[in-house]
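Scroll down for the structure; my scribbles are underneath it.
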Amino acid sequence: MRVIVVGAGIIGLSTAWYLRRLGAEVTIIDPFPALGASHAAAGMIAPAAEVVWGQTPLYPLMQASAQMYPEFAAEVASAAEAGLGFSDVGTLVCAGDRADLQALRELREAQSQSGFDTELITGSAARAVEPSLSPAVAGAVHISGDRSIDPRRVCAALLSVLSTGSGSLIRQRAAGLVRVGEATVGVEINDGRRLEADQVILCAGSTNNTIHGAPQLPLREVWGDVLRLRAPAEATPLLTRTIRGLVNGRSVYLVPRPDGEIVLGASSREDGRSGTPGGAIHRLLADGQRLVPGVLDAEITDITTRARPGSPDDLPMIGRIDSGCIVSTGYFRHGILLAPFGGRLGAELALGTVSDWPPDGSLESVSPHRFTTETTAGPNHATAYSTRSIS
Ligand SMILES: Cc1cc2nc3c(=O)[nH]c(=O)nc-3n(C[C@H](O)[C@H](O)[C@H](O)COP(=O)(O)OP(=O)(O)OC[C@H]3O[C@@H](n4cnc5c(N)ncnc54)[C@H](O)[C@@H]3O)c2cc1C
């Protein structure tokens, strides 16, 4: 089967990875592969630390994907013969002061109710395992099961494996879907060529709606600013595990890579500004140094701003749009964590092989049709979306 994947972020690439494994002939289209939100992401694979009240349908997806990660990462690393910066040392969620400790207790309660195994420890116990933490840290939740990976390395590895062979990666923008009647039969790219396919999978992140003929989904751009740092040689490693924290109620994280890089993030803005506001960087450094004072001695090696592709309920939108088209976007702040789950689901939906694999209820909770008013269609059936098509 010939499948076109539009978009080479972590979702398009992981979808193409599973498609290839299932025997499909895959073409990926992207003018700027791996330079969207996936280029900014810190790479936390952290279902427990991501528990937020009111997002219950997300937990089974996050847990299913987290369980798939070690095998997914090992196979991609082996195929690409490249390290992916995978770390399974765990996470400490820290309280910047005693006021933040109360919020941390509530978070831990939510984690327990959701079935995650976490432990509340004192500030001094946290410093015993991470000596760079500030003496002001009032307590921490220790999460041993959370992991991290370097999304830039994952995308580079997937690209190197998937772009071998002529025509497998086309560095062009997809201008629109080619449709015959109600069915998608291909993609028109910017140079005017029309590429035919049995199935098209739209993985264009937050810009899905700019593709002519694509379903007009309720996507929102949630901008995030993030810094990459390198501690001086004498202070390396500054950290051994991911540090997340609450500082005056604001969340901040530091994700150390095995090679010594530290990712400090991230802001969350819906102000439509694609540039990096100085105030966002100032706040990240100020909040980061409240938890780990040594960040102010580190060198800033990179500042990146990208839009997270958000949905109204913060769950992704993965499902069939018509007999020739699947959409897979809206991964918001969990696209790296959900990549194995979303990639496999998108691939299996396209090839018609979804059987009893996804966790109960997950097809319904990610259906792109859940925001439409039509009630006759079941989960992941095509519904009437407003589309702008090239036919
Ligand atoms: C600061 C920050 C930190 C984050 N940290 C984490 C984290 O720690 N853990 C986690 O799980 N998630 C994290 N996320 C979220 C995660 O990055 C996203 O959910 C994920 O990258 C979305 O992947 P995607 O492939 O859908 O989108 P993208 O990575 O944006 O990829 C979309 C691709 O589509 C291409 N494209 C767009 N339009 C077209 C077109 N018309 N034709 C062809 N190609 C097109 C783009 O060029 C791009 O390459 C973070 C996000 C940000 C911004």
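The values are calculated or read from the model by the stated rules, or taken from the named source; none is laboratory data. Quick caveat, the model's predicted, so the values are computed rather than measured. Cβ coordinates were reconstructed from backbone atoms using ideal geometry, including for glycine residues, and neighbour counts include every protein chain displayed. These area figures cover heavy atoms from the full protein model, side chains too; ligands, DNA and RNA do not enter into them. Shrake-Rupley method; radii C 1.70, N 1.55, O 1.52, S 1.80 Å.
Over the chain, with a Gaussian network built from C-alpha contacts below 10 Å, which listed residue (L296, L227, L363) shows the highest mean-square fluctuation? Taking springs between Cα atoms under 10 Å, the residue moving most is L296.
Binning all Cα-Cα separations of the chain at 20 Å, short to long from zero, yields these whole-percent fractions: 29, 56, 15, 0. Between I300 and S251, the contour length at 0.36 nm per residue exceeds the alpha carbon distance by 15.6 nm. Helix 278-291 axis versus longest C-alpha principal axis of the chain: approximately 50°, rounded to the nearest ten. Among V51, L195, C325, whose Cα projects farthest towards the positive end of the dipole of the chain, with charges put on the beta-carbon of Lys, Arg (+1) and Asp, Glu (-1)? The listed residue farthest towards the positive side: L195. Using the Cα gyration tensor of region 6-84, with a ≥ b ≥ c the square roots of its eigenvalues, what is the shape: rounded (a/c below 1.5), prolate (a/b larger than b/c) or oblate (neither)? Cα axes put region 6-84 in the prolate bin.
Taken about its Cα centre, region 1-76 carries a charge dipole of roughly 140 debye when the Cβ of each Lys and Arg holds +1 and the Cβ of each Asp and Glu holds -1.
Using alpha carbons only, how many angstrom separate the centre of region 170-237 from the centre of region 322-354? Centre-to-centre distance over Cα atoms comes out at 13 Å. In this view, the solvent-accessible surface of E188, computed with a 1.4 Å probe and all protein chains in place, comes to about 40 Å².
Once you reduce region 286-304 and region 1-23 to the center of their Cα atoms, the two points are 36 Å from each other.
The Cα atoms of region 37-133 give a gyration tensor whose axes a ≥ b ≥ c have a/c of 1.5 or more with a/b no greater than b/c, which makes the shape oblate. Considering only T56, T242, T118, give the residue with the highest GNM mean-square fluctuation for the chain, with springs between Cα atoms whenever their separation is below 10 Å. Comparing T56, T242, T118 in a Gaussian network model of the chain, the most mobile one is T56. Surface composition of the chain: carbon and sulfur make up 50 percent of the accessible area, probe 1.4 Å. For the chain, the antiparallel share of DSSP beta bridges with both residues in that region comes to about 70%.
Over all other residues within a Cβ to Cβ distance under 11 Å of H142, the charged ones net out to -2, with Lys and Arg as +1 and Asp and Glu as -1. Under a model in which nothing but the beta-carbon of Lys, Arg (+1) and Asp, Glu (-1) is charged, region 120-223 shows a dipole of about 220 debye around its Cα centre. Here the spin labels are modelled as points 7 Å beyond Cα on the Cα-Cβ line, and at S268 and N190 they lie 3.3 nm apart. About its Cα centre, the dipole of the chain is roughly 640 debye, where the only charges are +1 on Lys and Arg Cβ and -1 on Asp and Glu Cβ.
Neighbours of A347 by Cβ distance under 12 Å: Lys/Arg scored +1, Asp/Glu scored -1, total +2. These residues, E348, E234, go from largest to smallest accessible area, 1.4 Å probe, as E234, E348.
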